[in-house]
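Here's the structure, in structure tokens; my notes come after.
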């Protein structure tokens, strides 16, 4: 079972508070101003500690993923361009709040996908750059270069070759 991050923050806050109490002596419970000071110190110190630890863990995971991707072998296969598709998102109507009535935003993004068919009949779809997308035509044969890593596939290159 995974711990919630709020549970971790509460635990670290209490731990820092208890540590502070041990440093200053248990007599601080008799004086409310010390108790408030230690609670604030525990929350602030615990938040900073969690932030630093969380950032370090995320950086380590990202570095590990980059290294694993870099070490993944390139796969080259003869394929046929099976299908080309695009997915467009964004471009919503927004109100400006004045008499002009608003307008259409230009924050539109388009993703380009190409599906390749392998000799065994299997197919895989890749997200490709627009520059690569426009150079491919459905039905073309060539050599596909890609990487597979942790269930994800990454397009690297497609070179047009005559059908053999």
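Condition first: assigned to a loop (DSSP other than H, G, I, E, B), in contact with a strand residue (DSSP E or B) (Cβ under 6 Å, 6 or more places away or on another chain), modelled with pLDDT of 80 or more and surrounded by 11 or more Cβ atoms within 10 Å (Cβ to Cβ). Can you find one or more residues in region 64-73 that meet it?
Applying the first criterion (assigned to a loop (DSSP other than H, G, I, E, B)) to region 64-73 yields 72-73.
The next check asks that each one be in contact with a strand residue (DSSP E or B) (Cβ under 6 Å, 6 or more places away or on another chain); those that pass are 72.
Now drop any that are not modelled with pLDDT of 80 or more, which leaves 72.
Still in the running and surrounded by 11 or more Cβ atoms within 10 Å (Cβ to Cβ): 72.
Within region 64-73 (the criterion being assigned to a loop (DSSP other than H, G, I, E, B), in contact with a strand residue (DSSP E or B) (Cβ under 6 Å, 6 or more places away or on another chain), modelled with pLDDT of 80 or more and surrounded by 11 or more Cβ atoms within 10 Å (Cβ to Cβ)), the answer is yes, since at least one residue qualifies.
For region 144-164, give me each residue that is outside any strand (DSSP E or B) and loosely packed, with under 12 Cβ neighbours inside 10 Å. Show your work before the answer.
So in region 144-164, the residues outside any strand (DSSP E or B) come out as 150-151, 161-164.
Within region 144-164, 150, 151, 162, 163, 164 meet the criteria.
Take the conditions surrounded by 13 or more Cβ atoms within 10 Å (Cβ to Cβ), modelled with pLDDT of 70 or more and part of a helix (DSSP H, G or I) and apply them to residue 55. Does it pass? So that I can check it myself, show each step before the final result.
On the way: surrounded by 13 or more Cβ atoms within 10 Å (Cβ to Cβ): no; modelled with pLDDT of 70 or more: yes; part of a helix (DSSP H, G or I): yes.
No; evaluated as a whole, the condition is false for this residue.
Quick check on this structure: which one of 113, 118 is surrounded by 15 or more Cβ atoms within 10 Å (Cβ to Cβ) and modelled with pLDDT of 90 or more? Walk me through it before giving the result.
Details: 118 fails: surrounded by 15 or more Cβ atoms within 10 Å (Cβ to Cβ).
Just a single option satisfies the conditions, and that option is 113.
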Notebook entry, point to check: Looking at residue 82, is it at pLDDT 70 or above, part of a helix (DSSP H, G or I) and surrounded by 10 or more Cβ atoms within 10 Å (Cβ to Cβ)?
Noted result: no
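Looking for something in a strand (DSSP E or B), exposed (fewer than 11 other Cβ atoms within 10 Å of the Cβ) and modelled with pLDDT of 90 or more - is there at least one such residue anywhere in region 121-143? Lay out the reasoning, then the answer.
Keep residues of region 121-143 that are in a strand (DSSP E or B), which gives 123-128, 141-143.
Retained after the next criterion (residues that are exposed (fewer than 11 other Cβ atoms within 10 Å of the Cβ)): none.
Checking region 121-143: not a single residue is in a strand (DSSP E or B), exposed (fewer than 11 other Cβ atoms within 10 Å of the Cβ) and modelled with pLDDT of 90 or more.
The values are calculated or read from the model by the stated rules, or taken from the named source; none is laboratory data. It should be emphasised that the depicted structure is a prediction, and the values quoted were computed from it without experimental measurement. Cβ sites come from the backbone with ideal geometry, for glycine too, and all protein chains shown count toward neighbours.
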